[in-house]
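Asks: Quick one: the structure is below, questions incoming.
Just so you know, all these numbers are worked out from the coordinates, no wet-lab data involved. Keep in mind that what you see is a predicted model, and the values were worked out from it rather than measured. Quick reminder, even Gly has a Cβ in these numbers, built from the backbone with ideal geometry, and neighbours come from all protein chains shown.
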Amino acid sequence: MNTSAKMEQIEVLRVKLAVLKREHRDLDEAIDALQVRGSSDMLTIRRLKKQKLYLKDQIAVLEDRILPDIIA
């Protein structure tokens, strides 16, 4: 793979990473709003928290692909 193609692939990964981080923040805000309201459905909150954890895992995978952990 040539350098420009690799740089383009990294930029695509950075955009995907930004989207996932925004979704993660949105879920966090939604969970907080449901909990503050008090009359929230615990099943819905649990489902949103699982989705948030899944996004966190996906974010970690993309971050590792963008900046691999190199052992010197």
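Asks: Enter the angle in degrees (range 0 to 90, nearest 10) between the Cα long axis of helix 42-66 and the first principal axis of the Cα atoms of the chain, meaning the one along which they spread out most.
Replies: Computed tilt is about 10 degrees.
Asks: So, in Å, what gap is there between the alpha-carbon centers of the stretch 56-72 and the stretch 1-51?
Replies: Cα centroid to Cα centroid, the span is 16 Å.
Asks: Let me ask something else about it. Would you mind telling me which residue in LEU27, LEU43, LEU55 has the biggest mean-square fluctuation in a Gaussian network model of the chain, where springs connect alpha carbons within a distance under 10 angstrom?
Replies: LEU43
Asks: Quickly estimate the mean residue ellipticity at 222 nm for the chain, helices only: each DSSP H run with n ≥ 4 gives -39500 (n - 2.57), and the total goes over all residues, rounded to 500. Before the final figure, lay out the partial values.
Replies: Working: 2 runs with 60 residues, N = 72.
-30000 deg cm²/dmol, from helical runs alone.
Asks: What's the exposure ranking of LYS50, LYS21, going from fewest to most Cβ atoms within 10 Å?
Replies: LYS50, LYS21
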